[in-house]
Amino acid sequence: MRVPLITALCGGEASVDTLDGRKLTFQLPQMTSGAAQKVIAGEGMPISKEPGKKGNLVVAVEAVFPKSLTQQQKDTLKAVLPSTL
């Protein structure tokens, strides 16, 4: 699933549509990396040998970066984000 960069950095609510048509809403922790995965227990595919039970749903999370920034936005980011790793 794709999430806005602000959600990936600060955390927040995200939703994913399931194969059976439901919408699952869950919290993403702050500082979710671009290659993160969120595991939702018991919301995956049905387990064939255990009727009524489901496996885990694994959601790949991708942070979406803005296509452009104004100079004011760049200056604000430089002022609040660390410049070193």
Notebook entry, point to check: Restricting the search to the range 18-37, which residues are of a type in the set (D, E, K, R) and at pLDDT 90 or above?
Noted result: Arg22, Lys23
Next item on the list: Tell me, please, whether a residue that is in contact with a Lys or Arg (Cβ under 7 Å, 6 or more places away or on another chain) and acidic (Asp, Glu) can be found in the range 18-35.
Entry: no
Notebook entry, point to check: Which pairs do you get when a residue that is under 15 Å from Ile6 (Cβ atoms), found in the range 59-85, comes within reach of a residue that is surrounded by 10 or more Cβ atoms within 10 Å (Cβ to Cβ) and among the basic types (Lys, Arg), reach meaning Cβ atoms under 9 angstrom, with the pair 6+ apart or on two chains?
Noted result: Val61/Arg2; Val61/Lys38; Glu62/Arg2; Ala63/Arg2; Val64/Arg2
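The values are calculated or read from the model by the stated rules, or taken from the named source; none is laboratory data. These figures come from a predicted structure and were not determined experimentally. Note: ideal-geometry Cβ built from the backbone for every residue, glycine included; neighbour counts use all protein chains shown.
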